[in-house]
Amino acid sequence: MAHRILKTGYHDLVERLNRFPQGAPPSELLYRILQILFTEKEASLVALLPIKPFSAKKASRIWKVPLAEAEKTLEQLAQKGILLDMDHRDRTLYVLPPPMAGFFEFSLMRLRGDIDQKLLSELFYQYLNVEEDFVRALFGTGETQMGRVFVHEPALTGDNALHVLDYERASEVIRTATSRGVGLCYCRHKKSHLGQACQAPLDICMTFNTSAASLIRHGYARSISVEEGLDLLKQAWSLNLVQFGENVRNRVSFICNCCGCCCEAMIAARQFGFLQPVHTTNFIASLHSDDCCGCGTCVNVCPVNAVSLVSAQDPRYPKKKTARLAGNACLGCGVCVRNCPSGALYLAPRAQRTITPADSVHRTVLMAVERGKLQHLIFDNRVLFSHRAMAAVLGAILKLPPIKQAMANRQLRSRFVDFLLNQNKSS
């Protein structure tokens, strides 16, 4: 089967997916997943699409078909949750999102009868949780990751709240988004088909801005107001769910409300914590040991097993327990702090602040440099970047620290980039 599939458009599609920093390691399971989500013709067409956003006119040139036919195909792909369509300066642009966070999640963000969601869930589970190559590649490669944790705002005190910037607050992302949508939680929906889902609500994970507008337009998310978004966030806080969102400062595209048992990011943080698969907040849970009553509440609510109970070593009370914090595993979410009945836990600033990329271009460039894929962003072998897109990517390169600039230049081997970097140093 695999040998036959390798000769089809699915092989070209896998190659296309892996030119982006967030790829998908080839696997028999991956081909089976793609066969459910794409027809062979769709796979062949999507494999030809550029990495950057593109217009229907550009797609028609790449596919060598009339504009009307290209527009119809693009609309069908957007309707299937494969492409995102975005309004940009009185025209529509399209983009192929990565598998995660992207069209893998979109396939389970609503109930649908055109695909076998139970079979798809089983294949996702095998590909992500049994084979592990995909999750290791997604969360365990490079310093810059796709997502970051937001601080649990009810756990903030007056003092440390002063040090939390707007982009570090999920509530501020909700308030400032141009569009807001809510859809089914991909992780818990997948687990429900496996009979393993917890009792946390499905209809609580949110998308924002241009991604939300596209998903709402095609029925993958439901439009919500600022007030409803904040209500959902408060519900997530009350259920001790962790806010995990896109790792950017501006125009965040998603925030999931995650449980430790179903969420892929939380599972990866437990399994591969030493690889730093998830960006933490700028806080770390700390303990006033004298105030700890050893009740174990913190152990039960921590989504990544960063807290345990050990002997308090008190000769007067030999059975007394106290909490022990594993700082290298702590997300800094603050869920344990909010639930501590004795007030022994608190959020302390980390010694070194976590740096969040400015926007998706900045993050993508960082990820590409670290993963040796920057050349694919500059020299797209399907279609050349426009001047505007090239300027955005090169602008992000110039913002990198010197070591990463050198890495970028080695990947590109471009005199033009070398000239720009030298000009940047002298300015």
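Only the coordinates and a few stated rules stand behind these numbers; no lab work does. Fair warning: this is a prediction, and the values are worked out from it, not measured in the lab. Here the Cβ positions follow ideal geometry from the backbone for every residue, glycine too, while neighbour counts run over all protein chains shown.
Given the stretch 259-387 reduced to its alpha-carbon atoms as identical point scatterers, what log10 I(q)/I(0) does the Debye formula return at q = 0.16, 0.19, 0.23 Å⁻¹?
The Cα Debye sum returns log10 ratios of -0.86, -1.07, -1.33.
Need the full-extension length gain, I36 to L309, defined as separation in residues times 0.36 nm minus the C-alpha distance. One decimal, nm. If you can, show how the numbers build up before the last one.
Values: separation 273, 0.36 × 273 = 98.28 nm, distance 4.54 nm.
This chain segment gains 93.7 nm when fully extended.
For helix 28-37, report the angle its Cα long axis makes with the longest principal axis of the Cα atoms of the chain; keep it between 0 and 90° and round to the nearest 10°.
Between helix and principal axis, roughly 70 degrees.
How far is helix 402-412 tilted off the main Cα axis of the chain, in degrees rounded to 10, range 0 to 90?
30 degrees
List H193, H152 from most exposed to least, where exposure is judged by having the fewest other Cβ atoms within 10 Å.
On the way: H193 18, H152 26.
Fewest to most other Cβ atoms nearby, the residues stand as H193, H152.
For R175, R136, what's the fewest-to-most ordering of other Cβ within 10 Å of each Cβ? Spell out each step's value before the answer.
Numbers: R175 13, R136 16.
By the 10 Å Cβ count, ascending: R175, R136.
Please give me the summed charge of the neighbours of P349: other residues whose Cβ is under 13 Å from its Cβ, Lys and Arg +1, Asp and Glu -1.
On the way: positive: R350, R353; negative: D159, E168.
Taking every Cβ under 13 Å from that of P349, the sum is 0.
Quick one, what does Rg over Rh come out to for the stretch 79-125 if you take C-alpha atoms and the Kirkwood Rh? Don't jump to the answer; show the numbers that get you there.
On the way: Rg = 12.9 Å, Rh = 12.0 Å.
On the Cα set of the stretch 79-125, Rg over Rh gives 1.07.
Looking only at GluC sites (Glu not before Pro) in DSSP loops with at most 15 other Cβ atoms within 10 Å, what is the longest site-free stretch of the chain?
Numbers: sites that count: E132, E143.
The answer is 144-427.
For every other residue with a beta carbon closer than 15 angstrom to the beta carbon of I174, add +1 if it is Lys or Arg and -1 if Asp or Glu, then tell me the sum. Could the numbers behind the result be given before it?
Values: positive: R169, R175, R180, R222, K234, R251; negative: E153, D166, E168, E172, E227, E228, D231, E246.
The answer is -2.
When Y31, Y186 are ordered from fewest to most other Cβ atoms inside 10 Å of their Cβ, what list results?
Numbers: Y31 21, Y186 24.
Least crowded to most crowded, the residues run Y31, Y186.
Which option, (1) 29.7; (2) 23.3; (3) 27.8, is the value of mean projected area of the Cα convex hull in nm² that was calculated from these coordinates?
From the options (1) 29.7; (2) 23.3; (3) 27.8, the structure gives (2).
Return the distance in nm (one decimal) between the two label points of a simple spin-label model at S286 and S27, each offset 7 Å from Cα along Cα→Cβ.
About 4.1 nm separates the two model spin labels.
How large is ³J(HN,Hα) for each residue in the stretch 118-133, as worked out from phi by the Karplus curve 6.51 cos²θ - 1.76 cosθ + 1.60 (θ = phi - 60°), to whole Hz, x for Gly and Pro?
Per residue, the Karplus-derived 3J(HN,Hα) values read 5, 4, 4, 4, 5, 5, 4, 4, 5, 6, 8, 10, 9, 5, 6, 4 Hz.
Would you mind giving the three semi-axes, in whole Å and largest first, of the ellipsoid equivalent to the stretch 209-267 according to its Cα gyration tensor?
Values: eigenvalues 83, 44, 29 Å².
Values for the stretch 209-267, descending: 20, 15, 12 Å.
Sort 158-166, 54-62, 357-365 by the packing proxy (mean of other Cβ within 10 Å over each peptide's residues), most packed first.
Details: 158-166: 11.9, 54-62: 18.2, 357-365: 20.2.
Peptide ranking by packing, descending: 357-365, 54-62, 158-166.
Distance cut-off 23 Å, Cα to Cα: go down the list K58/K80; K234/K321; K191/K321; K72/K190; K52/K190 and report the pairs above it. Don't skip to the end; give the middle numbers.
On the way: K58/K80 21 Å; K234/K321 32 Å; K191/K321 34 Å; K72/K190 30 Å; K52/K190 30 Å.
Pairs exceeding 23 Å: K234/K321; K191/K321; K72/K190; K52/K190.
Just order 329-336, 297-304 by mean Cβ neighbour count inside 10 Å, highest at the front, would you? Mind showing how you got there, number by number?
Values: 329-336: 25.5, 297-304: 20.2.
Highest to lowest by the protection proxy: 329-336, 297-304.
Amide H of G147 versus every other amide H placed in the peptide plane: which residues, excluding those fewer than 5 positions away on the same chain, fall under 5 Å?
For G147, the qualifying residues are N247, H279.
Using only helices, what value at 222 nm comes out for the chain when you add -39,500 (n - 2.57) per DSSP H run of length 4 or more and divide by the total residues, to the nearest 500 deg cm²/dmol? Please list the in-between numbers first.
Numbers: 21 runs with 177 residues, N = 427.
After summing the helix terms and dividing by the residues of the chain, the value is -11500 deg cm²/dmol.
From the backbone phi of the stretch 228-238, what are the Karplus-calculated ³J(HN,Hα) couplings (6.51 cos²θ - 1.76 cosθ + 1.60, θ = phi - 60°) in whole Hz, Gly and Pro given as x?
5, x, 5, 5, 5, 5, 5, 4, 4, 4, 5
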